[in-house]
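Heads up, the thing below is written out as structure tokens.
Read-outs: derived from the displayed coordinates by stated rules, not from any lab. These numbers were taken from a predicted model, which means no experiment stands behind them. Cβ placement follows ideal geometry from the backbone for every residue including glycine, while neighbour counts extend to all protein chains displayed.
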Amino acid sequence: MGNHVALPSLLELSQEDLEAIVVGLDQPAYRARQVWRNVYQRYAMDFESMTDLPRELRRRLGERIRVAPAESVGQQTSDDGSTTKSLLRLDDGELIETVLMRYDPFGERRARKTVCVSTQAGCAMGCVFCATGAQGYRRQLSASEILLQVLAQGRITAEEGSPLTNIVFMGMGEPLANYAATHEALTRLSDADGFGFAPRRITVSTVGLIPGIEQLARDHPQVSVAISLHAPNDALRTRLVPVPTATLGQLIAAARSHAKTTGRRTSFEYVLMAGINDSPEQARELAMRLRGLNCHVNLIPINPSAGVVGERPSQAATMRFLEQLVEAHIPATVRVEKGRDILAACGQLRGDREEGTAPG
Ligand code: SAH
Ligand code: SF4
């Protein structure tokens, strides 16, 4: 920390900006491309590790800029090795969490490694079942703070010898309530000269902010969208998602027009809570509303945490709900769970040190 705290992050720079810095140090421009490759292809997190650069240049770059605009202060991996949660401390002391999930259903050939990024410290939406919501809103993350999470997790997978394959904006916060930074991060993530992820491998999950969904369709038509529904009718949804977003009818219309303009299927997320929204009747009501839509429903049995509403439905109730949707020809799956033992599952990210997060 110390006097390096205020240095600008390389993740905020364009290639031209970086080149100007390198040339300003009386170095040839190709050195800037080398630095760029180190970060965006090899996931280097500091200049020290860029051993293809002269030591002196690494030192001088480190006096002007830094790579990571935060400090890693803790990391935990689940007992089964599938999930790693990293805690980052930002310059102003805010703590945010990012999760790496490894799926290996059919052996290495089909292995998937997904990073789940946060877009805000806390969240203002106050969904009653969500630990981030319970924490309240703290602040927006910058694009470089979002990109850093991909870099940090990509660093781990690079060391494991197989790359990150997917990115989901499903960590702390509401991405479409931080549109500017989300947009900038998506641009750099999908830029062939940046991280180079196919936009189809990126998913933005939203509580349902319609202007943001429309803007996203214009700016990033190939990026996948997931809309968090949680209820088959407005009466129940407003109890679960207290911040006024849009009506279910408006959300479904937005999904329809998104699917039409982008040609992509919309995903819906539905957090299942015992006795609240998990009955077969509610499943049928949901199916009726979604009929004819190019969509997919992700059922997420709630991960209960202290201080939030909702208990886990039984396996039987979950399966019954799923069956009702499938029988009504609504494509649906139950989300495979990851990292419950380290509180790294959906809705459990809090960014504080009280709930089992490793001390830094
Ligand atoms: N704010 C966005 C994205 C972050 S939340 C959104 O709400 O979509 C990502 C997903 O985790 C959402 O679908 C959200 O409903 C779900 N989630 C929140 N709390 C949860 C919990 N306790 N258990 C399971 N899923 C939860
Ligand atoms: Fe915010 Fe999403 Fe949690 Fe709701 S579910 S409080 S929108 S992070």
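On a C-alpha basis, how far is the centre of the range 46-101 from the centre of the range 171-235 in Å? Whole number, if you could? When both Cα centres are located, 24 Å separates them. No disulfide-compatible partner, judged by a Cβ distance under 4.7 Å, exists for the following cysteines of the chain: Cys116, Cys123, Cys295, Cys346. Determine the sum of side-chain charges near Ala287: Lys and Arg each +1, Asp and Glu each -1, restricted to other residues whose C-beta is under 12 angstrom from that of Ala287. Charge balance in the 12 Å sphere: -1.
Magnitude of the charge dipole for the chain, about its Cα centre and with charges confined to Cβ atoms of Lys, Arg (+1) and Asp, Glu (-1), is about 820 debye.
Label-to-label distance for Val23 and Arg265 is 4.9 nm, based on points extended 7 Å past Cα in the beta-carbon direction.
Of all lysines in the structure, the ones whose alpha carbon falls short of 30 Å from that of Lys260, not counting any fewer than 8 places away in one chain, are Lys113.
Count Lys and Arg as plus one, Asp and Glu as minus one, and take only other residues whose Cβ is under 11 Å from that of Ala316; the net charge is then -1. Kindly list the residues of the range 278-298 that lie in the label zone of Asn233, defined by a backbone N under 16 Å from the point 7 Å along the Cα-to-C-beta vector. Answer for the range 278-298: 278-290. Across the range 70-354, the relative contact order, built from alpha-carbon pairs under 8 Å that are at least six residues apart, equals 18 percent.
Seen against the Cα atoms of the chain and their longest principal axis, helix 315-327 is set at about 80 degrees. As a calculated quantity, the FRET efficiency between Thr333 and Ala158 at R0 = 25 Å, using C-beta atoms, amounts to about 0.25. Rounded to the nearest 5, the antiparallel percentage of DSSP beta bridges internal to the chain is 45%. Seen from His258, the other residues with C-beta closer than 13 Å to its C-beta sum to a net charge of +3, counting Lys and Arg as +1 and Asp and Glu as -1.
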